Amino acid sequence: MEKTSIKKSSLSISENGLEKKKLSGRLEVLKTYKIYIGGQFPRTESGRYYIPTNAAGKKLANVCLSSRKDFRDAVVAARGAVSGWSGRAAFNRSQILYRMAEMLEGRKAQFIDELMQQDASKAKAEKEVNLAIDRLIYYAGWCDKFQQLFSSVNPVASSHFNFSVPEPMGVVAIIAPQNDSLLGLVSVIAPVIAGGNTCVVLASETKPLCSVTFAEVLNSSDLPGAVVNILTGKPSELASWFVDHMDVNATIYCENNSEVQKMMREKSAQNLKRIFFYDKVKWETGEGQSPYFIMDCQEIKTTWHPIENIASAGGGY
Amino acid sequence: MATKKKIAKSNTIKLKFDTSWSYAPAPESKSAATINKQYDLFINGEWQKPSGNKYFDTINPATEEKLSEIAEASTADVDKAVKAARAAYEKVWKKMPAKERAKYIFRIARMIQEKARELAIIESLDGGKPIRESRDFDVPTAANHFFYYAGWADKLEYAFPNRTTEPLGVAGQIIPWNFPLLMAAWKIAPAIATGNTVVLKPAETTSLTALKLAEIIQESGLPPGVVNIITGAGATGAAIVNHPDINKIAFTGSTDVGKIIQRAIAGTNKKATLELGGKAANIIFEDAPIDQAVEGVINGIYFNQGHVCCAGSRLYVQESVAKEVIRKLKDRLESLIVGDPLDKNTDIGAINSKGQLETIHKYLDIGKKEGAEMYQSSCPVPNKGFWCRPTMFTNVAQSNRIAQEEIFGPVLSVLTFRTDDEVIEKANNSPYGLSAGVWTDKGSKIFNMTRRMRAGVVWANTFNKFDPSSPFGGYKESGFGREGGLHGLSAYVNVV
């Protein structure tokens, strides 16, 4: 049963004219969709799976149904990667985000294929992949610029040098948009890591294929393992653990479910993790990208140091 | 090297202020301040009786004498204040040209300066803090804060690149008792400069200067309802937090209450900024100028009786200089003048309330039980009022409660370390992240440390410095949002 349905989907690809495949005697190799934790591709520790389908009811794949334990493992991995990633030169982060865009560009066809399996028209799928690539380029450029825009040297009245700079918050747990399964995913990950954070992302439940393939892109992009960790599964099961976890610094939620939003804000109080709802953002438009998304997951640190004050009074900046 | 150290040691003179120096009393006069017998609620530009007709006493914590009676605002009074603020927002304040808004705020700043002496006396009478701090820090910094934000009112389009801003609406603001007037300024000035209107509640033990500020605001001609100041305790605060027509909650206080507020506003569209507790690490490296560092540590923890959320309550001293630092700290502790807050020579005033004194005593017991060594100044303290001698614990372990929990009193915990990595690990091992300090003569080490410490404000070779242009606020469980400076504007605007 399962085999036939997947064969059908590969047939539908050729119908769409993307690839000319002859169904000869060769058996097609199917992809196992696994999750991405700490730079590795494990299956969920729970051994569970679910089968998302397209609008016509066609099975997409057997996808890992990640558990709370997977999430905890991913947070441990992400925490371990914070100091290395945030300690890299902003310029280096910029180059790595650019490299991610390069890799994504190179695998465009596969993403278009997957988006089409998940009900997108060819034109729409192509547009989404192009936008996703461009979004990575956009944030690659921001990596070493947003600090200059949002920092300040503060003219304090006393004889001190005083400046404020943005710093990454740490580990950010993200529940990605359900629609725009590739563009939405890229749009929430890119600003978070551009700012030096690491993250754990729960991909679209209904359209998870691109997220796993995107993890493969990350894996070949010089991005250190564990900076981005991607889980597949159900927000309804995992959302509360995302906000319960005491070693998560911020949470992003992209759906307009007021019950879940309320629950998340309530639970975020446990360790006062920052919480952001991106439920009104139209990711395919210009409002889907801005340095203000980077700034959401930044803390402002202010540093003071005295200035020797011998020759004149009140020396400062 | 060893001989050098010996010489350095013998050069240190033990300070004996008690015998070689003495200070004659130098009390500030109470007559320069007017305190009414009773204060009502400041709503819609007028003084209004509380609906329940209930009043509570406010006392001088240095003498336990009653200073005045303060109205207790009920839920109905909160509602009245929010309605006034809403009407002022919709009909007047939102529409007023920003440059006119600015001029009202400049005027308030000036009037605080004019009445600075009176405000300082009342601050010390009502809160117990030394007049020197009220006079030289609290009151001028409060005036400066209004002055700083006044100028932002008509320049907001420069503050957020490529964006415009709009005010949020009505802000509910709840402030603590440690810097009563200054916290009112930190809350009100940016809120009204950005076009919001305000309902502010001071802490129940220290309402007087906020009510004096209400008088100033009334005198300034600020349109009625733009700033409403209502008094009361926790129940009044809860009524503000839960009022459905409030758009933003700004709270400064304990982390516990901050968490309650975050839960309470879940499911609403209320925005929040929370400025909560702290347990700041103050780190002394062996190459630091030790005498300056000791002064900085003293200022860091004993400033305002230690009732400071960013107080440097955890001292980390590099092992090689620990003995010397501890000895000098003890000497300095002994020379601190504890007593009458109105005396201009006083270093440490009264503990703000009986309740807070009990909390501090509880932690002194905990510290002793945990096996730390307690050292207190031998200074005399007055019989009446609430007093705590400046206290220092040595032999403190990282896991001790006195090294983990906020005491909010003049109590220092001293710990030691050997390496940079170790002290960073220890300093960041705290749910809090409000402030931190580092003392070293080496520039590259300063930046290494200030970068790695997870705290919103980091003082290097200084401590407890504040300025209206300098953003203040915490990481982690010390809350979120910034107050002061350019970054403090974000708390009160929608960026569109």
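What follows is calculated from the coordinates using simple rules that are stated; it is not laboratory data. Remember, predicted model here, so these are calculated numbers, not experimental data. Don't worry about glycine lacking a Cβ; one is built from the backbone with ideal geometry, like all the others, and counts go over all protein chains shown.
Look at the stretch B:263-275: the mean tally of other chain Cβ atoms within 10 Å of its residues' Cβ atoms is 3. Please give the helix B:75-88 orientation as an angle from the longest Cα principal axis of chain B, in degrees from 0 to 90, rounded to the nearest 10. Tilt of helix B:75-88: around 70 degrees.
Arranged from fewest to most other beta-carbon atoms within 10 Å of their beta carbon, B:Glu64, A:Glu299 become B:Glu64, A:Glu299.
For the pairs B:Lys115/B:Lys328; B:Lys54/B:Lys129; B:Lys91/B:Lys259; A:Lys267/B:Lys369; A:Lys108/A:Lys234, flag any whose C-alpha to C-alpha distance is greater than 32 Å.
Values: B:Lys115/B:Lys328 39 Å; B:Lys54/B:Lys129 28 Å; B:Lys91/B:Lys259 34 Å; A:Lys267/B:Lys369 34 Å; A:Lys108/A:Lys234 27 Å.
In this structure, B:Lys115/B:Lys328; B:Lys91/B:Lys259; A:Lys267/B:Lys369 exceed 32 Å between Cα atoms.
Translational diffusion coefficient of the stretch A:193-317 (Stokes-Einstein, Kirkwood radius from Cα pairs, 20 °C, 1.002 mPa s): 123 µm²/s.
Counting each pair of different Cα atoms once, what's the Kirkwood radius of the stretch B:411-451 in Å, rounded to one decimal? Could the numbers behind the result be given before it?
Numbers: mean 1/r = 0.0872 Å⁻¹.
About 11.5 Å for the stretch B:411-451.
Fewest-first ordering of A:Glu167, B:Glu133 by other beta carbons within 10 Å of each residue's beta carbon gives A:Glu167, B:Glu133.
When chain A is treated as a GNM with alpha-carbon contacts under 10 Å, the residue of A:Ser211, A:Ser86, A:Ser220 showing the greatest mean-square fluctuation is A:Ser220.
Can you give the helix-only mean residue ellipticity at 222 nm for chain B, where every DSSP H stretch with n ≥ 4 adds -39500 (n - 2.57) and the sum goes over all residues, rounded to the nearest 500 deg cm²/dmol? List each step's numbers first, then the result.
Details: 16 runs with 184 residues, N = 496.
Helix-only estimate at 222 nm: -11500 deg cm²/dmol.
Evaluating 6.51 cos²θ - 1.76 cosθ + 1.60 at θ = phi - 60° for every residue in the stretch A:212-223, the Karplus couplings come out as 6, 5, 5, 4, 5, 4, 4, 5, 10, 10, 6, 6 Hz, glycine and proline recorded as x.
If one computes the Cα centroid of the stretch A:170-249 and of the stretch A:28-65, what distance in Å separates the two points? Comparing the Cα centres of the stretch A:170-249 and the stretch A:28-65, I get a distance of 15 Å. Any idea what angle helix B:319-335 forms with the longest principal axis of chain B, computed on alpha-carbon atoms, 0 to 90 degrees, nearest 10? Tilt of helix B:319-335: around 60 degrees.
Distance between the pseudo-spin-label points of A:Glu237 and B:Lys30 (7 Å out from Cα toward the beta carbon): 6.9 nm. Charge dipole of chain B (Cα centre as origin; +1 on each Lys and Arg Cβ, -1 on each Asp and Glu Cβ, all else neutral): 780 debye, rounded to the nearest 20. Note on chain B: semi-axes of the ellipsoid equivalent to its C-alpha gyration tensor, largest first and rounded to whole Å, are 39, 26, 20. Annotation: amide H-H contacts under 5 Å for B:Val317 (H modelled 1.01 Å from N, sequence separation of 5 or more, or interchain): B:Ile284, B:Leu415, B:Thr416, B:Phe417. Within the straight-line cut-off of under 20 Å between alpha carbons, the aspartates and glutamates reachable from A:Lys122 are A:Glu15, A:Glu19, A:Glu105, A:Asp113, A:Glu114, A:Asp134, A:Asp180, A:Glu284, sequence neighbours fewer than 8 places apart in one chain being disregarded. With Cα atoms as the point set, the stretch B:278-460 shows a radius of gyration and Dmax of 15.6, 50 Å. As an equivalent ellipsoid, chain A spans semi-axes of 41, 21, 16 angstrom, where each value is the square root of five times an eigenvalue of the C-alpha gyration tensor, largest first. Each Lys and Arg contributes +1 and each Asp and Glu -1, all at the Cβ; summed about the Cα centre of the stretch A:251-296, the dipole is approximately 220 debye. With a simple spin-label model that places each label point 7 Å from the Cα along the Cα-to-Cβ direction, the separation between A:Lys122 and B:Glu405 comes to 6.9 nm. Working note: Cα atoms of the stretch B:61-182, range along each principal axis, descending, whole Å: 54, 37, 23.
Under a 5 Å amide H cut-off, with hydrogens placed 1.01 Å from N, A:Val201 pairs with A:Ile174, A:Asn229, A:Ile230, A:Leu231 among residues at least 5 apart or on other chains.
Just to confirm the number: angle between the C-alpha axis of helix A:108-117 and the first principal axis of chain A, 0 to 90 degrees, nearest 10? Between helix and principal axis, roughly 60 degrees.
Cross-link check: pairs B:Lys37/B:Lys66; B:Lys83/B:Lys201; A:Lys280/A:Lys301; B:Lys354/B:Lys476; B:Lys201/B:Lys271 evaluated at a Cα-Cα cut-off of 20 Å; pairs beyond the cut-off: A:Lys280/A:Lys301; B:Lys354/B:Lys476. The separation of the stretch B:280-316 from the stretch B:328-365, counted between C-alpha centres, amounts to 16 Å. Working note: 222 nm ellipticity from helices only, DSSP H runs with n ≥ 4, each -39,500 (n - 2.57), summed and divided by the residues of chain A, gives -13500 deg cm²/dmol to the nearest 500.
The H on the amide N of A:Asn309, modeled in the peptide plane, is under 5 Å from the matching H of no residue at least 5 residues off or on a different chain. Rounded to whole Å, the principal axis extents of the Cα atoms in the stretch B:115-247 read 46, 33, 26, largest first. Taking the Cα atoms of the stretch B:318-411, the ratio Rg/Rh between the radius of gyration and the Kirkwood radius comes to 0.98.
Sorted fewest first by neighbouring Cβ atoms within 10 angstrom, B:Arg454, B:Arg263 come out as B:Arg263, B:Arg454.
When the Kirkwood hydrodynamic radius is evaluated over all pairs of different C-alpha atoms of the protein assembly as shown, what value in angstrom, to one decimal, is obtained?
On the way: mean 1/r = 0.0350 Å⁻¹.
In the protein assembly as shown this quantity evaluates to 28.6 Å.
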